[in-house]
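Here the structure is laid out as structure tokens; the discussion comes afterwards.
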Amino acid sequence: MEQSDLSEQKFNAIFTYAPIGLVEVDQNGKIIRLNLMGQALLNPLFEIYQIDTEHIYPMLDCIFPGLSQKIQDYKDPMGQIIYNHLHCFKLPSPNDQFEKHFQFNITKMFEDCIIIGFEDLTNKYLEEKAMQQAKLDNAVAQGKFEIASEVLHDIGNAVVGFGSYLRRISRSMEQNNVANLENIVLFLKGQQAALDTALGQEKAEALVNLMEGITKTQKDSYEETNGSIAEQFNIISHIQEILTIQRHYVTGHGAPERKAVNLKEIIHDCQSMLFASYDRKGITLNFNAAEQMPMIKGDRTKLMQVILNLLKNSVEAIDMDAPQKRITIDLQLKDKMLQLRIQDTGKGFDTDTAARIFERGFTTKDTGTGLGLYNCRSIIESHAGSIDVQSEGANRGATTLIRFAS
């Protein structure tokens, strides 16, 4: 068998068994060839919409209006038409509409050869949505825990269940195709000369570029999701530490005894618990306090929850690409008052938000419950203290000031 024939067979095998849907079409949308994954994804759609299976454009018009026109309007002799585009569409079903999420990569290889790559990310989307719902449920559960200590055991079980769910997702993430795709890219590069001979230099280079693009997309998606899972494990660890402290202090249904607590030590503990969160974003956290600070009488657990919540808000308010990423904590004795000031360089907020910031149920977050700052104020006031949160406006950071009688 000649080398060119062998290379052609290898190329066909790669195309046929690629882990994503691949379809080669001409400029008019006629399907030249469709790989196995593409058949598995498209054949049910052809059947649902009862349309021609020889052309891709009618199908694209059903699930992604305007995409076929965008392909036809692309006039360059070769290049990427669509890159890593996530599109949602709804399929008709007997009782309702079923939502699907496809990711598209479309490349014009040369004048009459267009490769459409597509992947069904519906399950991944549902998993991420479930994770967000789990976070919301956990936040609500913690809010109840702040108010009623008798639900402590139930919250602990919920956190364990959430952790088990994340571990299942983490194990599922380990079964990814990134390594296989990287091996395919290495193989193609190693066979570059043979591919040039079999396919022509332009087509061979376009094939390698296409597979590199697909591999990068898969790798970026894997790393992003894996990072999110790791962050959730850190959050679970923080919650479990809080629950451990709660179990130590809460006895029966009565309120925990107020004891002398060291705010400086609490802040250091909170810094350690949130290290992964601010380190991942590259945030500088500075803590300034005198060597000796007066103690206050209070509930160590609830004060820790307040400071954790405030620091977490500051971390979330600072974007990954922010020019300045800094949180400054100052603890000082002033006018016989113990003052804790937390300043950040985050998004800040406007006057309308400032007027409602302590309202129960008010939130500016997509998955927020509106319980965080409301509960913070309740806890601080139960310690005969005061709390105030201010900002000079959007993108100008925020400052939280807490005062206790020393």
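The values are calculated or read from the model by the stated rules, or taken from the named source; none is laboratory data. Since the structure is predicted, the reported quantities are computational estimates derived from the model, not experimental observations. Here Cβ is always computed from backbone atoms with ideal geometry, including for glycine, and neighbour counts include all displayed protein chains.
Any residue in segment 296-304 that is assigned to a helix (DSSP H, G or I), without any contact (Cβ under 8 Å) to a residue 60 or more places away in the chain and buried (at least 20 other Cβ atoms within 10 Å of the Cβ)?
Yes, there is a match, as at least one residue in segment 296-304 is assigned to a helix (DSSP H, G or I), without any contact (Cβ under 8 Å) to a residue 60 or more places away in the chain and buried (at least 20 other Cβ atoms within 10 Å of the Cβ).
One line per residue, one yes/no per condition, for (1) on the phi > 0 side of the Ramachandran plot; (2) surrounded by fewer than 19 Cβ atoms within 10 Å (Cβ to Cβ); (3) modelled with pLDDT under 90:
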residue	(1), (2), (3)
Ile329	no, no, no
Thr353	no, yes, yes
Ile357	no, no, yes
Phe362	no, yes, yes
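Does segment 1-26 hold any residues that are over 36 Å from the mean Cα position of the chain (by Cα) and modelled with pLDDT of 90 or more, and which are they?
Asp26
Working carefully through the options Lys259, Lys302, Lys281, find the one that is of a type in the set (D, E, K, R) and within 16 Å of Ile402 (Cα to Cα).
Lys302 is the lone residue from the list that is of a type in the set (D, E, K, R) and within 16 Å of Ile402 (Cα to Cα).
For Ile31, which of the numbered conditions (1) part of a strand (DSSP E or B); (2) of a type in the set (A, V, I, L, M); (3) in contact (Cβ under 8 Å) with a residue 40 or more places away in the chain fails to hold?
(3)
Could you check how many residues of segment 257-309 are of a type outside the set (Ser, Thr, Tyr) and within 29 Å of Gln232 (Cβ to Cβ)?
30
Please indicate, with yes or no, whether at least one residue in segment 121-138 is at pLDDT 90 or above, within 23 Å of the chain's Cα centre (by Cα) and over 23 Å from Gln232 (Cβ atoms).
Checked against the condition, which is being at pLDDT 90 or above, within 23 Å of the chain's Cα centre (by Cα) and over 23 Å from Gln232 (Cβ atoms), segment 121-138 yields no hits at all.
Specify the residue that is modelled with the lowest pLDDT; the eligible residues are those in segment 67-106 that are over 20 Å from Lys30 (Cβ atoms) and in a loop (DSSP other than H, G, I, E, B).
Asn95
Only one of these is modelled with pLDDT under 70 and assigned to a helix (DSSP H, G or I): Glu241, Glu205, Glu223. Name it.
Step by step, each of Glu241, Glu205, Glu223 is checked, and only Glu241 is modelled with pLDDT under 70 and assigned to a helix (DSSP H, G or I).
Is it true that Thr363 is among the hydroxyl-bearing types (Ser, Thr, Tyr), in contact with a Ser or Thr (Cβ under 7 Å, 6 or more places away or on another chain) and assigned to a loop (DSSP other than H, G, I, E, B)?
yes
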